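Enquirer: The structure under discussion is supplied below as structure tokens; questions concerning it will follow.
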Amino acid sequence: MSQAETLVAVQRLRLTPVRRRALEILLEAHRALGAYEVLERLAEEGFGKQPPVAYRALEFLVENGLAHRIRRLNAFTACMHPGEAHVPAFLICRVCDSVAEAAGAPVRAALDDAAIALGFSVERASIEAVGLCPQCRAHTQAGGVAHG
Ligand SMILES: [Zn+2]
Ligand SMILES: [Zn+2]
């Protein structure tokens, strides 16, 4: 991740304290967070308990390319490539729900090629792949859980 890029984007947008804190909460988390988890953290820190506060902050971050919504998990994650036009490709671990954002450029190129063949112009897309993260793969192998 490029923290520097994120910081530049944050300065450019002049984030309000609650939006900035919501982004920091996403960046600190090692997995995607539901809106309610973000709301709880914001409330603990004195930003208020009203759900719209968290929802609006998260929506703003998504609209401005600083965060993504992951539909499968109904959760949010900080963008790892802010400031770049990209199709986010999420690799979601089915065991621990950790989320990695893969470099989206090749995915976007492949999608555009496929779309052009059908005369379709892609404006927005996101890819969600489910599988096992490195930690859970190692754990599964070490634990000898394999059946047959
Ligand atoms: Zn992204
Ligand atoms: Zn995992």
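Enquirer: Please give the calculated 222 nm ellipticity per residue for the chain, where each DSSP H segment of at least 4 residues contributes -39500 (n - 2.57) and the sum is spread over every residue; nearest 500 deg cm²/dmol?
Expert: Calculated from helices alone, the mean residue ellipticity at 222 nm is -14500 deg cm²/dmol.
Enquirer: Mind ordering 116-126, 20-30 by average Cβ neighbours within 10 Å, highest first?
Expert: Top of the packing list down: 20-30, 116-126.
Enquirer: Here is a follow-up. Measuring from label point to label point, each 7 Å out along Cα→Cβ, what is the residue 127 to residue 110 span in nm?
Expert: Between residue 127 and residue 110, the label points sit 0.4 nm apart.
Enquirer: Skipping prolines and chain starts, which residues have an amide H placed within reach, meaning under 5 Å, of the one on residue 128, given they are 5 or more residues away or on another chain?
Expert: 90
Enquirer: Additional query: Report, by chain and number, residues whose modeled amide H sits under 5 Å from the one on residue 70, excluding near sequence neighbours (fewer than 5 apart, same chain).
Expert: 75, 76, 77
Enquirer: Which whole-number value in Å³ per residue fits the convex hull of the alpha carbons of the chain?
Expert: 144
Every number here is computed from the coordinates shown, using simple stated rules; none is lab data. Predicted model only: the values in this text are computed from it and were never measured. Counting neighbours? That spans all protein chains shown, and the Cβs are built from the backbone with ideal geometry, glycine included.
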